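Note sheet for the following structure.
Laboratory data are not the source of any read-out in this text; all were calculated from the coordinates shown. Predicted model only: the values in this text are computed from it and were never measured. Here the Cβ positions follow ideal geometry from the backbone for every residue, glycine too, while neighbour counts run over all protein chains shown.
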Number of protein chains: 4
Amino acid sequence: MIMNFRTDLALEVCEDSPDEFSGVEISTEEDDELGVRVTWVEIQNEDGAARMGKPVGNYVTLESGAMKDGDPDTHDEIAKILARKLARLHDLPKDASVLVVGLGNRFVTPDALGPKVCEKLLVTRHLGDDVPEDLRGKLRGVSALSPGVMGITGIETAEIIKGVAEKTAPDLIIAIDALAARKTSRINATIQMSDAGVNPGAGLGNRRMPINRETMGVPVIAIGVPTVVDAATLANDALDKMIAAILEAAESDDTGGGSNFYEVLHSLGDEERYSLITQILTDENMFVTPKDVDAVISRLANILANTLNISLHPGITAEDVGRYI
Amino acid sequence: MIMNFRTDLALEVCEDSPDEFSGVEISTEEDDELGVRVTWVEIQNEDGAARMGKPVGNYVTLESGAMKDGDPDTHDEIAKILARKLARLHDLPKDASVLVVGLGNRFVTPDALGPKVCEKLLVTRHLGDDVPEDLRGKLRGVSALSPGVMGITGIETAEIIKGVAEKTAPDLIIAIDALAARKTSRINATIQMSDAGVNPGAGLGNRRMPINRETMGVPVIAIGVPTVVDAATLANDALDKMIAAILEAAESDDTGGGSNFYEVLHSLGDEERYSLITQILTDENMFVTPKDVDAVISRLANILANTLNISLHPGITAEDVGRYI
Amino acid sequence: MIMNFRTDLALEVCEDSPDEFSGVEISTEEDDELGVRVTWVEIQNEDGAARMGKPVGNYVTLESGAMKDGDPDTHDEIAKILARKLARLHDLPKDASVLVVGLGNRFVTPDALGPKVCEKLLVTRHLGDDVPEDLRGKLRGVSALSPGVMGITGIETAEIIKGVAEKTAPDLIIAIDALAARKTSRINATIQMSDAGVNPGAGLGNRRMPINRETMGVPVIAIGVPTVVDAATLANDALDKMIAAILEAAESDDTGGGSNFYEVLHSLGDEERYSLITQILTDENMFVTPKDVDAVISRLANILANTLNISLHPGITAEDVGRYI
Amino acid sequence: MIMNFRTDLALEVCEDSPDEFSGVEISTEEDDELGVRVTWVEIQNEDGAARMGKPVGNYVTLESGAMKDGDPDTHDEIAKILARKLARLHDLPKDASVLVVGLGNRFVTPDALGPKVCEKLLVTRHLGDDVPEDLRGKLRGVSALSPGVMGITGIETAEIIKGVAEKTAPDLIIAIDALAARKTSRINATIQMSDAGVNPGAGLGNRRMPINRETMGVPVIAIGVPTVVDAATLANDALDKMIAAILEAAESDDTGGGSNFYEVLHSLGDEERYSLITQILTDENMFVTPKDVDAVISRLANILANTLNISLHPGITAEDVGRYI
């Protein structure tokens, strides 16, 4: 396993590696007009999974700085692109029912993405035959649950979801979560969708039992946005870049200065160095987040809720959504 | 059944009736120092249940205007009284585990009582053997869930609770809910606890399947606070009082004025009159609530959370609670 | 003065009166497509003011049930209509600067309209020459202040505004406030704009010094939405309607029943009757509000903020606004 | 000036310096029982001010890890210690009136400390002669204002305060603000009080005009709590410690390894190095904050509000406060 730093993005695990892994396929598409980059990472077998530190499955990452800005038209475009990728990731029958789960703690702003998405969904499972006439045949049965986090409920989040899924029998579970990234530039500017489910220890929370097809008995799609970078990861990356910058300067000076130090650092190995950094930054609960995180989380929740509303309800367009919520 | 007006308080159903019912026992205690009045209503059989419009069981009501005020010492005293009544209502073995359920919609202030109580609980079920040494033997296994309301989740609230209870196997469920009262003077000044569970259509929400021992498979204690009065109930009561006041004045004038009108009104019957009022006040979604409802709900949530924290954790006092939450 | 009941809407004062007042002009326009009704009430002199219980000035009321619903396209249409009426009410020079004041208590949901509008404004006064190039010449200098309420600040709201206006010298003050209406059907479905300023005791708050051209030294436009009905007003109106309904029934029965009672009630006079009702409903702090008030206030704040953003910034359209906030 | 890193704590500026400054006096007291450390830094003249990068005045810093925990008894003790230090910092006549100003943005959690303190104050200025009898002679005239931040109001914060102060004529202004520290261990565990006012660029906001005795015309006490560390400061400090750790290891190995690199780094100088780090961490809006920041800010607001309530109202004890708010 090559990942020593905290990231929930398959994309960033790949970036860390100098060469390709066997068992992992990567492909990239760009949409120049909107500045959107989409990367598909397919972990094909257990060998790839072991190297990536992530379970077998597909990981689609959409990157765009425009998510952080306030333009609702661009947000609609991003939601439409996401909806197309989601349809490619998982083919959903017309009459399938879906349980959307908003993971995370609604009282901790950067962890509140999941609950906020659930608040904006067009929820229909309870309507039964009471669907308004102009919407008949246009809606799938959608339910939504924000189970809270274990520190507040005292219950493993996966247990709550499993209990509710057994009562309500959805055909698909979609789990929304806040993630941790390695690069600050990815915070609130990246969306990852995966059919591999949500893994233990992911995100900001303390969830331990995985939420995936094996544990839930139905397919699980995970959709996440990195909202923080772990403080130790930030410090470590800054250190790396600093060393690289100084070495480059030293080499161009042709003095060789610093190479001994670099060797010492290099000989530590990635894991030892990260461990040293975390010893220095003793308070593990520190994370890095942008100043306007409250506003940005709210925008991202809108994008994801729109994506789900148009993806899950075949007869609803982005323009319709406002009318029915 | 004598109740034509919307109230969730057994106490108010009794007050409506001129004489006692067979199958219903009522007793009252007063605590003069704190101005607290405690009423026990026991519905003993199906005959009483039919007359009261409420299921068989015990209903303990604690009334005190001091709940609305901000004095934390009085709040602690009320929490202690409530804890004693709760112990009398349901005898809880030392090692019993408890699931507390916060019913209601956290985004509608007067309906947010249940979720707010859950936020303030000392939740312990997930600690297992990780309980701090000074707390060993002092804590019961407590979990807490705020399931949301059907309009937001698309799922019957009772189904969610049942699903989670099957996974977590609590010995007791305590359901916290906001209620509707008939008298505005009772808003936020009354707490009702019952071993009869929560019944369909109670409170402000749209819950239909009951949450009680039969549906959940374990005992259910319901704890509720009236936070609103239905607008039609208010108008109707005002009308009643107005007529009474005018009749009294008329009689003392010895003119007999108004008696015809009173007879017309009286001949309508309670149900017809209420139905006429609701036709006049066509918008059913109107309710009456005090101006400072946000602050008062927050205080009430504190009182109930303290009550539960000292009731459920045998080694925790009111003074300790702050230290562990 | 004819108004005995609590309403902040000039329109409702007029409705109470059987015939027209001298000194008051009323005209109405309807927009059939959107179901919008616009009423202009002009109080022309002190005689009219005395009869109306409101200061001399223009009061424009826009009524539409569509405000309460969630369709953003309709909201944009309403914002555009409002912007046109606002331009007719007060002609604003191209380079005029405006201070928008959000009156009310942000912690009391139905009183939080003003502060919520201020959160959504495109505020520009501080930009000076830092305006982005594509916006040059398109923006007026707009500032926004939510002063809080006297119970929280200890300061008369008008004093705070006056102090800030003296430092910042705006050409116009626009004050946003939550109002009380008489009819529940008008709650959250009516917007009143006036050039007469905000008067003492209006709304839910405890403001005593008026905020108008005389006290502030610059023109003041008040924009308000009724978000509550006083509980005593509700009860009184219900009583009125009840009596009318019964009398009608009695007359058609040709029995004459109830006329004595009606005479008693009628002989009380409006003020005495209202006073009797308020004695019956002793808790003055009760008001009537819809269940989904949190969501509706948020929508209304959007409509008003959009109205102001397109009204105050000549080069900004409804479509642009999202991009710049 | 020796400070190249972002800190608002005079204490941390002193720690950065190898030796003492002329014009700066430092003294420290410890309270062993509570683990509270109090440091007084007096900047005595312009020479000291230039070296410290902070204006002449007294800076009292109270440090205690217990602030972050939830024990209300310890919080009360800390409030009492703070109240005594505040009395020593500024002698307030018995009938003096005070305006408390909550700086910062209430919608950005780590910046919301000031507005949150204002919400919990016992505000009395508006009571005039309406003070309840049992409180007569026990209260000073206290008002409270949360002016918002310039990005939301369009107005310099100091202008708003100055305008309100001119209307209300307080004898003292107390400004509460969130600060930036250099060390993550100080976040939410340190309170600084100063009679030097609040300086431009402090905290998280964009305030430029100072709020002090010169600009306001009355004494200004600033009370602040560091709630964040700037991400570049964190990375830089981690780098420093890393180099020190490796050098130490290298020296004990007696190999001299790394000294060239250290010399390169050292030769950069503090300012150049910090500038290099900020180039690497390009997104300036990133900051480091603990995961439970929402809860911790709420506790700190309680401590500060209690401190002010018992400091400003001579007849009110910590135990009384709950009763009157």
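Partner shielding of D:78-88 amounts to 0, given as the average count of beta-carbon atoms from other chains within 10 Å of each residue beta-carbon. Taking the Cβ of B:LEU300 as the center, what net charge do the other residues with Cβ under 9 Å away carry, scoring Lys and Arg +1 and Asp and Glu -1? Residues close to B:LEU300 contribute a combined charge of +3. Inter-copy label distances at A:ASP171, shortest first and taken from points set 7 Å along Cα to Cβ: 4.4, 6.1, 7.5 nm.
Put a dot 7 Å past the Cα of A:LYS68, heading toward its Cβ, do the same for C:PHE107, and the two dots end up 3.4 nm apart. Annotation: amide H-H contacts under 5 Å for D:GLY23 (H modelled 1.01 Å from N, sequence separation of 5 or more, or interchain): none.
In whole percent, what relative contact order does the range D:86-133 give with Cα contacts below 8 Å and a gap of six or more residues?
The normalised contact order for the range D:86-133 reaches 24 percent.
Across the range D:177-187, rounded Karplus estimates of 3J(HN,Hα) from the backbone phi angles (6.51 cos²θ - 1.76 cosθ + 1.60, θ = phi - 60°) give 8, 7, 10, 10, 10, 9, 9, 4, 5, 8, 4 Hz, Gly and Pro being marked x. Remark: mean inter-chain Cβ contacts per residue of C:138-144 equal 2, using a 10 Å Cβ-Cβ cutoff to other protein chain atoms. Once the C-beta distance of C:ARG136 and C:ALA96 is scaled by a Förster radius of 25 Å, the resulting FRET efficiency is 0.90 to the nearest 0.05. The count of lysine pairs in the range B:101-199 that are at least 8 places apart or cross chains, and whose C-alpha atoms lie under 26 Å apart, stands at 8. Close amide H contacts of B:LEU179 (hydrogens built in the peptide plane, cut-off under 5 Å, sequence separation of 5 or more or a different chain): B:VAL225, B:THR227, B:VAL228.
Highest mean first, the peptides A:216-222, B:230-236, A:299-305 sorted by other C-beta atoms within 10 Å per residue fall in the order B:230-236, A:299-305, A:216-222. For the peptides C:122-130, D:167-175, the ranking by packing is D:167-175, C:122-130, with the highest mean count of neighbouring Cβ atoms within 10 Å listed first. Residues with beta-carbon under 11 Å from that of D:ILE43, excluding D:ILE43: net charge, scoring Lys, Arg +1 and Asp, Glu -1? Its environment carries a net charge of -3.
Residues whose amide H comes within less than 5 Å of that of D:ASP292, counting only those at least five positions distant or on another chain, are absent (H built at 1.01 Å from N in the peptide plane). Residue by residue along B:171-181, Cβ atoms of other protein chains within 10 Å of the local Cβ number 0 on average. Projecting label points 7 angstrom from Cα along Cα→Cβ for C:VAL218 and A:LEU34 puts them 4.2 nm apart.
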